[in-house]
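Just so it is clear, none of the values below were taken in a lab; they were calculated from the coordinates. All values reported here derive from a predicted model rather than from experimental measurement. With ideal geometry, Cβ positions are generated from the backbone for all residues, glycine too; neighbour counts draw on all protein chains shown.
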Amino acid sequence: MSTHQIHIFISHSWSYSEHYETLAEWVFTRRWSVGQASLDLRDFSVPKDDPIHHANTDRQLADAIYAQIARSHVVIIPTGMYSHHSRWIQKEIKGAQSYRKPILAVDPRGQLRKGSVVASAATKTVGWNAKSVIDGIWELYRN
């Protein structure tokens, strides 16, 4: 059985931190394997307990976010209407595209309307359950 270390950046908006917290719990607190592959999933997100306080300008904020994304294999962004207005999410999408990192869009449970910004940027979209998210990560990592 081989082990694959996969670096994950999960997007979040402080106003919708429950989405981030649920995704982070699914991805980082459980042991996952796909077939014969064991997954070692590492968190490269901007942690809530250590946000980017030193970013005084949009450029500094973008650079700090891009530094985390550049080191990641997959960027996960929950779809949702808040994505249209989030300065963070816009920068995360741009960073993922700049560094050619695949974006896994996750439709939050009960979400009827998807944020078109995230949906149109996504490499793959999955539903709101742990196995779908892990399968999506593995697929994007392998391609």
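With neighbour counts taken as other beta-carbon atoms within 10 Å, the residues 8, 77 rank, fewest first, as 8, 77. Ordering 58-64, 39-45 by mean Cβ neighbour count within 10 Å, with the highest value first, yields 39-45, 58-64. Counting neighbouring Cβ atoms within 10 Å and putting the fewest first, the residues 99, 20 line up as 99, 20.
Work out the FRET efficiency for residue 33 and residue 100 from their Cβ-Cβ distance, taking R0 = 35 Å, and round it to the nearest 0.05.
Efficiency at R0 = 35 Å is approximately 0.85.
The protection proxy used here, the mean number of other Cβ atoms lying within 10 Å of each residue, ranks peptides 132-142, 86-96 as follows, highest first: 86-96, 132-142. Taking 7 Å steps out from each Cα toward its Cβ at residue 116 and residue 4 produces label points 3.4 nm apart.
Taking 0.36 nm per residue of separation and subtracting the current Cα-Cα distance, fully stretching the chain between residue 21 and residue 60 would add 11.5 nm. Counting only residues at least eight positions apart within a chain, or on another chain, the aspartates and glutamates with an alpha carbon under 20 Å from that of residue 124 are 43, 92, 107, 135, 139.
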